[in-house]
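The values are calculated or read from the model by the stated rules, or taken from the named source; none is laboratory data. Bear in mind the structure is a predicted one, so any value in this text is a computation, not a measurement. As a convention, Cβ positions derive from the backbone with ideal geometry for all residues, glycine included, and neighbour counts pool all protein chains shown.
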Amino acid sequence: MSRRNRVDRADFACIHCRQPVPGRATGTRHRNHCPYCLWSRHVDNEPGDRGCGCRSPMAPIGIDVHKDGEWSVIHRCTGCDVLRTNRIAGDDQELALLQLALRPLARPPFPLDALPVWTGGAWGG
């Protein structure tokens with residue numbers, strides 16, 4: 001089997017929270033993120049090839065929802081700033097996924113008190 005097509009199922013310790021992570025998970029052939037904190041490591045140039053030399057931690061920065069409803073975690077490499085998406089796995093913690101998905105609402109990029117207030121018939125300040 002070529003390196004590109006191999007299925008890597010080795011257990012590993014999370015680079016961020018240090019939790020033990022099982023290499024096998026429902027919904028993914030190439031596990032590379034922690035199901036607890038959702039952090040990853042920059043190991044692939046293409047899914048499953050394990051050919052990237054960067055090896056830096058990848059921070060979860062958002063959720064991508066596909067047209068079919070499937071979710072992926074968006075990661076940014078802390079070493080080289082590359083962006084990658086990874087399909088969620090069956091054992092990813094739902095609370096961690098929801099916290100990541102709701103982050104823009106919990107911490108908007110603008111002050112909420114600067115928005116106009118609805119007064120029942122018109123927008124006011």
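Quick notes on this structure:
- The range 1-40 - residue that is among the charged types (D, E, K, R) and at pLDDT 70 or above and, of those, surrounded by the most Cβ atoms within 10 Å (Cβ to Cβ): Arg31
- Flag if His66 is of a type outside the set (D, E, K, R) and surrounded by fewer than 19 Cβ atoms within 10 Å (Cβ to Cβ): yes
- The residues listed here are Ala10, Ala59; of these, the one that is of a type in the set (A, V, I, L, M, F, W, C), outside any loop (DSSP other than H, G, I, E, B) and out of contact with any Leu (no Cβ under 8 Å at 6 or more places or on another chain) is Ala59.
- Which numbered condition Asp81 misses (of (1) on the phi < 0 side of the Ramachandran plot; (2) in a loop (DSSP other than H, G, I, E, B)): (1)
- Some residue of the range 25-40 being hydrophobic (A, V, I, L, M, F, W, C), assigned to a strand (DSSP E or B), over 30 Å from Pro108 (Cβ atoms) and in contact (Cβ under 8 Å) with a residue 24 or more places away in the chain: yes
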